[in-house]
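> What follows is a structure written as structure tokens; I'll ask about it next.
Nothing in this text is a laboratory measurement; each read-out follows from the coordinates by a stated rule. None of the values given here were measured: they were computed from a predicted structure. Positions of Cβ are backbone-derived with ideal geometry, glycine not excepted, and every protein chain shown enters the neighbour counts.
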Amino acid sequence: MDHAEPRTFAAVLRAQQSMVFSIAYHFLRDRPAAEEVAQDVFLELHKRFEKFESDTHILFWLRKVASHRSIDYVRKRKLQAAVGLDDAPAPSVDGQPEDHFLNRRLQSLIGSLPEKPRMVMVLRYQEDMMPEEIASAMDMPVRTVKSHLQRSLAMLREKIDRSMGDVR
Amino acid sequence: MMDDFEKQIQDALARKEPSPFFEARVLGAVKRQARDRRASMRMWWATVAAALVIAIAGSAWQHQRSEQAREDAAGREAKARLELALRITSVKLQKISQKVEGI
């Protein structure tokens, strides 16, 4: 975003909609629910838009609120993350078909993780956030974040290895 | 440093776009939210104004009532004084009349 221009809500919405939607989508694995959460996040942002001092502050706030709202959504609606193929339109398959299959399998496995480890994984690998940043956004100790990451990665590796073994 | 497996996860969790109408829907919801907020502010001010009018009218009515009561009390006192003065005058006139008759 150009810092010389005054910041507008519409510009922030346009620039960050895919980030906010994707955090909710990768966590909920439900497109309408993810759009509902993302809309709530932006409505909340609009209410306090004048209070933000920088784009960095907005980005941090959006990631934090999107992750908390997504977790709250699951808790309130008792929505179980769908394990298996979701109803989202299939992404374009640019690489090998095996990559596409592996992506879908990984998305399903991440979707089956408990709430907090799942959100930690989404923030780490979708947003490329460091454990310290995730800890700050999710209000949890850094060592808990690292532990969630290690356990989740180990679990995913094991399940992927096993399923690849089954395929072979 | 990320290994290949982590890069694969990163690939699986790549950002996705919301539906094409998402932005317009959010901007519409923002407008509705602002309109609702303005309406509720107007309602709040109307309630405050009505409460003020009621309080001022009540206070004026109360003031008028106490003024009326004070005027009534002053009237009653004046009437009592007048009656007393008339009674005294009557007694004096009676005494004068008796003296005149005795001459």
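> Taking a quarter of the surface of the convex hull around the Cα atoms of the stretch A:1-82, what do you get in nm²?
Details: hull surface 20.5 nm².
Projected over every direction and averaged, the Cα hull of the stretch A:1-82 covers 5.1 nm².
> Distance check, please: which entries in A:51/B:7; A:51/B:31; A:76/B:31; A:64/B:16; A:64/B:7; A:64/A:159 exceed 25 angstrom between their Cα atoms?
A:51/B:7; A:76/B:31; A:64/A:159
> Give me a single rounded figure for B:3-11: the average over its residues of other chain Cβ atoms within 10 Å of their Cβ.
Shielding by partners across B:3-11 averages 6.
> Evaluate E = 1/(1 + (r/R0)^6) for residue B:79 and residue B:52, where r is the Cβ-Cβ distance and R0 equals 41 Å; express this FRET efficiency to the nearest 0.05.
Working: r = 41 Å, r/R0 = 1.00.
Once rounded, the FRET efficiency stands at 0.50.
> In Å and from the alpha-carbon atoms only, list the Rg and Dmax of the stretch A:93-168.
Considering the stretch A:93-168 through its Cα atoms, Rg and Dmax are 13.8, 42 Å.
> For the protein assembly as shown, what size does the Cα cloud have along each of its three principal axes, sorted from largest down, in whole Å?
For the protein assembly as shown, the Cα spread along each principal axis is 156, 38, 33 Å.
> Compute for the stretch B:19-102: radius of gyration divided by Kirkwood radius, i.e. Rg/Rh, restricted to C-alpha atoms, rounded to two decimals. Spell out each step's value before the answer.
Details: Rg = 36.4 Å, Rh = 20.1 Å.
Result for the stretch B:19-102 is an Rg/Rh of 1.81.
> Just want to confirm a number: the relative contact order over the stretch A:93-168, from Cα pairs under 8 angstrom separated by 6+ residues, in percent.
Once divided by the residue count of the stretch A:93-168, the mean separation gives 28 percent.
> I want the local charge near residue A:56. Using Cβ-Cβ distances under 13 Å, sum +1 for each Lys or Arg and -1 for each Asp or Glu among the other residues.
0
> Mind checking which of B:85, A:142, B:18 is farthest towards the positive end of the protein assembly as shown's charge dipole, using Cβ charges of +1 (Lys, Arg) and -1 (Asp, Glu) about the Cα centre?
Selected residue: B:85.
> If I model a spin label as a point 7 Å beyond the Cα along the Cα-Cβ vector, how far apart are those points for residue A:56 and residue B:94 in nm?
The answer from the label model is 10.8 nm.
> Just from its helices, what would the mean residue ellipticity at 222 nm be for chain B, if runs of 4 or more DSSP H residues each count -39500 (n - 2.57) and the sum is divided by every residue, rounded to the nearest 500 deg cm²/dmol?
The per-residue figure over chain B is -32500 deg cm²/dmol.
> Tell me, what are the semi-axes, in whole angstrom and largest first, of the equivalent ellipsoid of the stretch B:1-61 as set by the roots of 5 times the Cα gyration tensor eigenvalues? Intermediate values should be presented prior to the final figure.
Details: eigenvalues 664, 47, 4 Å².
That gives 58, 15, 5 Å for the three semi-axes.
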